[in-house]
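Novice: Mind looking over this structure? Questions follow.
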Amino acid sequence: MNNWRFKEIVVLSALSVVFGVVYLAFLPLGGVLVGFFGPIGYDFIFGIWFIVSIIAAYIIRKPGAAFLSETIAAMVEVLIGNAIGPMLIVVGMIQGIGAEAVFAATRWKNYALWVLMAAGMGSAVTSFIYGYFMSGYAALATEYVVAMFFIRLISGALIAGLLGKALSDSLAKTGVLTSFALGKEYRRKNAS
Amino acid sequence: MLLNHLNPSIKALTVCIFIVHLAFVFEPMPVFLFLIWTIVATFIFGNVNWKKYVLYFLPFFIFAFGMLWTTIAFADTSEHTNEVINLLGLTVPLDSFLVALALSLRILNVAALSLMFIFTTNTVDFILSLIQQLKLPPKIAYGVLAGYRFLPLMKDEIKIIHAAHQVRGVNQGKSLKDKFSQYKRFAIPLLASAIRKAERTAVAMESKGFTGDRNRTFYRQFFVTKRDFVLPGILLLGFWGAWFL
């Protein structure tokens with residue numbers, strides 16, 4: 001935590017606030033999908049709930065960025081008021097750990113597209129384990145649970161990994177990230 | 001009112017502990033009884049606007065209904081007995097129905113516990129109490145508070161971006177496809193302005209002497225008193241009562 005600049009923390013919180021709102025906005029959509037398809041409805045769009053981990057880690061590139069941003073986004077959702085309550089902070093932490101573990105495996109050095117997609121899948125794995133116990137997936141048929149798991153993995157890779165990278169890259173183009181790792185890399189690339 | 005004056009951290013922990021406990025209950029009756037108990041306790045011990053409460057609560061009936069029918073439809077029937085019941089002309093294994101009912105009641109119960117917390121807790125108090133009771137690093141906590149403060153500002157920001165697009169004659173998005181590309185046009189400027197604001201705020205805070213040190217003083221202090229353990233007591237009583245009844 002000590003090698004973090006305070007600026008990075010506040011920017012990370014600001015990103016988390018924006019996506020906390022986005023997360024909340026997607027809850028009713030998930031609810032509608034669940035109404036039609038059952039618990040699997042959430043899994044189609046589950047990746048959206050991991051996106052801030054990917055974006056924050058990709059921009060700031062410091063240990064803990066993925067975990068912290070997801071936790072703060074969850075905290076913001078609690079502050080605004082949501083269905084799952086303070087427990088959501090725990091959910092956020094669990095999702096953050098999944099992505100963080102993947103970045104940790106590259107020693108927070110590699111931020112290529114495949115790593116970002118793997119991080120999205122990492123969140124999918126941890127969140128699924130949590131959901132398995134807390135939401136009672138154990139009561140569902142095995143094939144259905146397996147289908148849920150794979151759809152969530154794909155959703156994590158595509159929505160969180162791919163879309164997260166695309167969003168961050170277009171942010172870098174605007175020049176607001178010049179004092180962050182991603183902005184510096186972007187400048188170096190364009191200078192050469 | 002009692003609930004509104006409890007220590008926010010202890011209240012949050014209490015709610016979390018009971019939500020975890022609910023995950024181990026697969027019978028409908030105890031969950032139903034505890035749900036009633038939670039709602040009654042919220043209104044007796046908390047100062048809650050019931051109209052707003054109902055409005056927040058209603059969407060969960062949709063979630064709960066989705067859970068109900070899918071758990072029946074996709075149930076793991078291998079260990080179930082052969083008893084069946086008639087449900088709207090369909091024969092359904094009794095065990096599947098009971099588990100499904102328990103799971104959907106659980107959703108409602110978790111919602112009731114969460115609403116109990118949300119409707120009786122001030123957000124800034126919650127963060128301050130997290131620093132003071134649960135040792136959240138002030139650096140993160142004040143970062144979150146600063147970020148949270150941006151929320152109303154972002155609403156204005158959206159209006160400004162909207163006006164800026166309008167004045168330049170960009171299409172306003174009638175069809176679904178236009179609406180989608182409109183979101184894309186909004187996302188980047190909104191995020192960029194949020195990052196700029198955050199950077200400025202951070203610099204301002206540091207220039208005024210914010211170090212994020214744990215050894216700081218607080219204008220508003222929070223303590224844990226005996227009173228804070230009344231809520232866990234009430235809920236535990238309800239949980240046991242529901243379980244043994």
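The values are calculated or read from the model by the stated rules, or taken from the named source; none is laboratory data. Here the structure is a predicted model, which is why all the values come from computation and not from measurement. In this analysis, Cβ positions are derived from the backbone assuming ideal geometry, glycine residues included, and neighbour counts consider all displayed protein chains.
Novice: Taking A:Ile129, is it surrounded by fewer than 24 Cβ atoms within 10 Å (Cβ to Cβ) and of a type outside the set (Lys, Arg)?
Specialist: Spelling it out, A:Ile129 is indeed surrounded by fewer than 24 Cβ atoms within 10 Å (Cβ to Cβ) and of a type outside the set (Lys, Arg).
Novice: Go through (1) of a type in the set (A, V, I, L, M, F, W, C); (2) more than 9 Å from every other protein chain (Cβ to nearest Cβ); (3) closer than 26 Å to B:Ile107 by Cα; (4) surrounded by 24 or more Cβ atoms within 10 Å (Cβ to Cβ) one by one and return the number of the condition A:Met75 breaks.
Specialist: Going through (1) of a type in the set (A, V, I, L, M, F, W, C); (2) more than 9 Å from every other protein chain (Cβ to nearest Cβ); (3) closer than 26 Å to B:Ile107 by Cα; (4) surrounded by 24 or more Cβ atoms within 10 Å (Cβ to Cβ) one by one, A:Met75 breaks only (2).
Novice: Right, another one. Got a sec? Which helices (runs of 4 or more DSSP H) wholly within region A:137-192 have at least 2 residues that are under 25 Å from A:Glu100 (Cα atoms) and touching an Asp or Glu at 6+ places or on another chain (Cβ under 9 Å)?
Specialist: Fully inside region A:137-192 and qualifying: A:142-155, A:181-191.
Novice: Next question, about the same structure. With respect to A:Ser69, determine if the residue is within 11 Å of chain B (Cβ to nearest Cβ) and within 22 Å of B:Ala192 (Cβ to Cβ).
Specialist: It is true that A:Ser69 is within 11 Å of chain B (Cβ to nearest Cβ) and within 22 Å of B:Ala192 (Cβ to Cβ).
Novice: Turning to a different aspect of this structure: State whether the residues of region A:37-60 include one that is surrounded by fewer than 23 Cβ atoms within 10 Å (Cβ to Cβ), in contact (Cβ under 8 Å) with a residue 60 or more places away in the chain and farther than 23 Å from B:Gly66 by Cβ.
Specialist: There is no residue in region A:37-60 that is surrounded by fewer than 23 Cβ atoms within 10 Å (Cβ to Cβ), in contact (Cβ under 8 Å) with a residue 60 or more places away in the chain and farther than 23 Å from B:Gly66 by Cβ.
Novice: Now a separate question. I'm trying to understand the selection: among the residues of region B:188-220, which are farther than 18 Å from B:Lys139 by Cβ and in contact with a helix residue (DSSP H, G or I) (Cβ under 7 Å, 6 or more places away or on another chain)?
Specialist: Within region B:188-220, B:Ile188, B:Pro189, B:Leu190, B:Leu191, B:Ala192, B:Ser193, B:Ala194, B:Ile195, B:Lys197, B:Arg220 meet the criteria.
Novice: I need a count of the residues in region B:40-56 that are of a type in the set (Gly, Ala, Ser) and not in a helix (DSSP H, G or I).
Specialist: Qualifying residue count, region B:40-56: 1.
Novice: Out of A:Trp108, A:Trp4, A:Trp49, I need the residue that is at pLDDT below 95, on the phi > 0 side of the Ramachandran plot and not small (Gly, Ala, Ser). Which one?
Specialist: A:Trp108
Novice: Now for a different question. If I ask for residues that are surrounded by fewer than 20 Cβ atoms within 10 Å (Cβ to Cβ) and more than 14 Å from every other protein chain (Cβ to nearest Cβ), which ones from region B:2-38 would you list?
Specialist: Passing the criteria: B:Leu2, B:Asn4, B:His5, B:Met29, B:Phe32, B:Leu33, B:Ile36, B:Trp37.
Novice: Kindly evaluate B:Ser104 against the criterion of being free of Cβ contacts under 8 Å to residues at least 60 places away in the same chain, facing another protein chain (nearest Cβ under 9 Å) and either more than 23 Å from A:Thr71 (Cβ to Cβ) or out of contact with any helix residue (DSSP H, G or I) (no Cβ under 7 Å at 6 or more places or on another chain) (or both).
Specialist: It is false that B:Ser104 is free of Cβ contacts under 8 Å to residues at least 60 places away in the same chain, facing another protein chain (nearest Cβ under 9 Å) and either more than 23 Å from A:Thr71 (Cβ to Cβ) or out of contact with any helix residue (DSSP H, G or I) (no Cβ under 7 Å at 6 or more places or on another chain) (or both).
Yes or no, residue by residue, for (1) outside any helix (DSSP H, G or I); (2) over 26 Å from the mean Cα position of the chain (by Cα); (3) more than 10 Å from chain A (Cβ to nearest Cβ):
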| site | (1), (2), (3) |
| --- | --- |
| B:Ile158 | no, no, yes |
| B:Phe218 | yes, yes, yes |
| B:Phe222 | yes, no, yes |
| B:Trp243 | no, no, yes |
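Novice: Considering only region A:143-162, state which residues are closer than 16 Å to A:Gly38 by Cα and in contact with a helix residue (DSSP H, G or I) (Cβ under 9 Å, 6 or more places away or on another chain).
Specialist: The answer is A:Tyr144, A:Val145, A:Ala147, A:Met148, A:Phe149, A:Phe150, A:Ile151, A:Arg152.
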